[in-house]
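Asker: Structure in structure tokens, see below.
FYI, it's all coordinate maths here, none of it is from the lab. Quick caveat: nothing in here was measured; it's all calculated off a predicted structure.
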Amino acid sequence: MPASTHLPSPTYVNVIVDTEGLLAAYPSPSADSQAPTLVDDAFCYLIGPPARTQGQATAHLYIAVPSDADAAQERLKGGLAGVQWRCFSLSGNTDQSAVLYGVTPIKLKLVATRARALETCRPSPVLVGAQNTAPPTFDSGLEPDYFIETVWRPKGVTRFDIQFYVTRSDPETGQLDTVGYFRWASEIAIRPA
């Protein structure tokens, strides 16, 4: 395939949330997913692949895309190049988890975007046999992997309203409870590589 028809692969961006700090600063968050509590940059940041992004661990990420992407995007009418968003808590999603449920573009500048939820499957270790065997053995299985994707034209700046909720696991029962709904403004700038 000629280089001019190559559509760049998605850029994977992780939204990292300090859930403990967030809940200490916002002890009574919204219980309404349609009216989440707005939080500042002190508790959330973006991480992208180092080879394609600058501004790691901030609210402002710069993503480089191949210079031929402009023409490819026009021909393919938007294609699937863009950002695939995931969300994690600093605790590693153990006691508290941050779960992404929306990515809304605000203040669009030259970036055409849409958000959609996607599910894929990724390899994951699966325990074989009883849990109390020593040493435990694992096999490879497939685990659902959820993310939200936004699609862009490859130049410009877009501010995104990131919506997520925080769950907490009851240490005795293991039951998950939703603690609250939050939103956070971040910014991504797209520029040719």
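Asker: What are the residues whose amide H is under 5 Å from the amide H of Thr37, where those residues sit 5 or more places off or on another chain and H is modelled from the backbone?
Answerer: Long-range HN contacts for Thr37: Ser30, Tyr181, Phe182, Arg183.
Asker: Hey, can you grab everything whose amide H is under 5 Å from the amide H of Thr58? Only 5+ residues off in sequence or another chain; H modelled, so Pro and N-termini drop out.
Answerer: When sequence neighbours closer than 5 places are left aside, the close amide H contacts are Leu46.
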